[in-house]
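Worksheet for the structure shown next.
The values are calculated or read from the model by the stated rules, or taken from the named source; none is laboratory data. Computed from a predicted model, the values in this text were never measured in an experiment. We place every Cβ from the backbone using ideal geometry, glycine too, and count neighbours over all the protein chains shown. Keep in mind that these areas ignore ligands, DNA and RNA; they rest on the heavy atoms of the full protein, side chains included. Shrake-Rupley method; radii C 1.70, N 1.55, O 1.52, S 1.80 Å.
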Amino acid sequence: MRRAPIDSAATRALVVALASLAFAGAASARDSDRNQNMNIQASHSEGTLDETGLYTFTGAVVITQGTMEIHADRADIHRAGGEIAKAELSGKPATLKQQMNDGSWMNARANRIDYDTRNDVIVLIGDYTVTTPRGTTSGQRLTYDLKSSRVESGGESGRISMTFVPKSAQGSGADPKPNAPKPTAPKPSTQGKP
């Protein structure tokens, strides 16, 4: 596998943002990870080393930095002015795990993870699931604004499922997965019909 050199200052923002996917108000990503080297391994890499352009990694892509670990089939890194402008990670699924400052773990997966570094927005697209000791959320699309800690999910692309684990059960090894079946679409109203 090839290991490609990447501008570590520019990629640190990517790592912190991806690791913050847990929930608004959840524990933050391990601070010490930001000071670690980022390593990228893949079967193939191709792109320009210019300050503006696309660099693509394909084939069993693994990105690690401290406790953070990302697995994807493909990673497209868009650079503008020498900085990462956008990162697109795709897979069946692409996965992310990282230890948080409180020692707990955050796990996320989606068919695609897009990170817009200019606007500090992460979007999980296609069968996403984010799991922390505080709970789980899943659906088809989740948008997380890092600046405001605002999370939005659902919309036209389908229903979401979310489980909040009581604080008293968070440290007891409780499974954050829902106990109840996933919600189904509401039945059409028959009001006013014979």
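What to note about this one:
- Residues of the stretch 106-128 with amide N under 20 Å of the 7 Å Cα→Cβ point at T58: 111-114
- Of M38, M68, the order by accessible heavy-atom surface (1.4 Å probe, DNA, RNA and ligands excluded), from most exposed downward, is M38, M68.
- Cα-centre dipole for the stretch 41-95 with unit charges at Cβ (Lys and Arg positive, Asp and Glu negative), debye to 20: 160
- Taking a sphere under 13 Å around the Cβ of P93 and counting the other residues whose Cβ falls inside, with K and R at +1 and D and E at -1, yields a net charge of +3.
- Count Lys and Arg as plus one, Asp and Glu as minus one, and take only other residues whose Cβ is under 12 Å from that of Y128; the net charge is then +1.
- In this label model, K167 and S43 are separated by 4.8 nm, measuring between points 7 Å along each Cα→Cβ vector.
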